[in-house]
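One structure is given below, encoded as structure tokens.
Laboratory data are not the source of any read-out in this text; all were calculated from the coordinates shown. Here the structure is a predicted model, which means the values were calculated and not measured. Quick reminder, even Gly has a Cβ in these numbers, built from the backbone with ideal geometry, and neighbours come from all protein chains shown.
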């Protein structure tokens, strides 16, 4: 039995980070004669502190659910590794997905470029994301120049960064699906079969605090909720209920399973999140995605390919009676084709016949 070790951001409190890790490991472990494990490495990540006792209580509930998911669903049960040299040895090392090559993050170090891997092991990037413009001063070109030539197989999440990475290798660089899209809605139904979700008809407002667009999302969510008489279920930790014109409730304490379940059962999703957009696609939940500069390429690439660019909101869009009517047929076809290509990449990289 061959062994593969996955290096990714499974240690944080981000839904997309854990769900993409789950999906990649789960997919590889369906292949014959190989076992994938998460390298339980933590680059000294620290969680937020909240003084408000209500928010703090919700956040502790959330962290508890994240810990349960790490242990029960992605197999991160071995002692946490702070020194990468203590990691177990594998036949294959996979970095990705998520923004493992975003050198502007303080916790991204050269270990995510697999600097510690033995000479005789195979290095693979699966859907690695840079998350920066190639002309950004925060993009550390030297790290790419040093480590990319060592990789045996290279895939990125965003097509836009293929020319940049290709400079440093004579191997083919391709784009593949985010790991969460390797699975189908039925797979997530099984994962989340015991997860709770809000009562009644609701709008799910999921916000990532990467910029100052919260007022835009809140205002647009309020307008949609009033038009379609929906409760608002929101993820923002420190927004008072009076910000919402309709009935509302907090989802800040949700774990990864509850996050997926909330999107599945929502009447509409308003978000600036890449992974909230992905799960809306998978579950055919109507959605509106606001662009964040740091995530613009991955969202526009994905929605452009799936024929759903009209779901992107550039600041504001007038309401209409049919705004929740979405045709997902092209998206389903494109994702199935890309899913097969992405799985083929993984099988080739892992020497699976």
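Beyond 17 Å, what share of the Cα-Cα pairs of region 4-103 remains, rounded to the nearest whole percent? Of all Cα-Cα pairs in region 4-103, 54 percent lie more than 17 Å apart.
In terms of surrounding Cβ atoms within a 10 Å radius of their Cβ, 150, 311 rank from fewest to most as 150, 311. Which residues does the label zone of residue 35 cover in region 1-23, counting backbone N under 18 Å from a point 7 Å along Cα→Cβ? Once the point is set 7 Å along Cα→Cβ of residue 35, 1-7 turn out to lie under 18 Å by backbone N, inside region 1-23. Based on Cα contacts under 8 Å between residues 6+ apart, region 194-319 shows a relative contact order of 26 percent.
Dimensions of region 178-254 along the principal axes, based on C-alpha atoms and rounded to the nearest Å, stand at 37, 30, 23, largest first. For the pair residue 42 and residue 162, the difference between a 0.36 nm per residue extended length and the Cα-Cα distance amounts to 40.4 nm.
Taking only the Cα atoms of region 194-319, how large is their convex hull per residue, in Å³? Mind showing how you got there, number by number?
Details: hull volume 12.7 nm³, N = 126.
With only Cα atoms used, region 194-319 gives 101 Å³ per residue.
Among 152, 178, 238, the ranking by other beta carbons within 10 Å of each residue's beta carbon, starting with the fewest, stands as 238, 152, 178. Across q = 0.18, 0.25 Å⁻¹, region 140-199 modelled as identical point scatterers on its alpha-carbon atoms has Debye log10 I(q)/I(0) values of -0.69, -1.03, in the order of the q list.
Under a Gaussian network description of the chain, with springs only between Cα atoms under 10 Å, the residue in 144, 105, 252 that fluctuates furthest is 105. Panel order for 45, 101, by other beta carbons found within 10 Å of each beta carbon, from fewest to most: 45, 101.
In the chain, helical runs assigned H by DSSP with n ≥ 4 each contribute -39500 (n - 2.57); averaged across all residues and rounded to the nearest 500, the mean residue ellipticity at 222 nm is -10500 deg cm²/dmol. The calculated P(r) of the chain, using every Cα pair and 20 Å bins from 0, goes 30, 59, 11, 0 in percent. Taking the chain as a Gaussian network of alpha-carbon nodes connected by springs under 10 Å, the highest mean-square fluctuation of the residues 229, 212, 35 belongs to 212.
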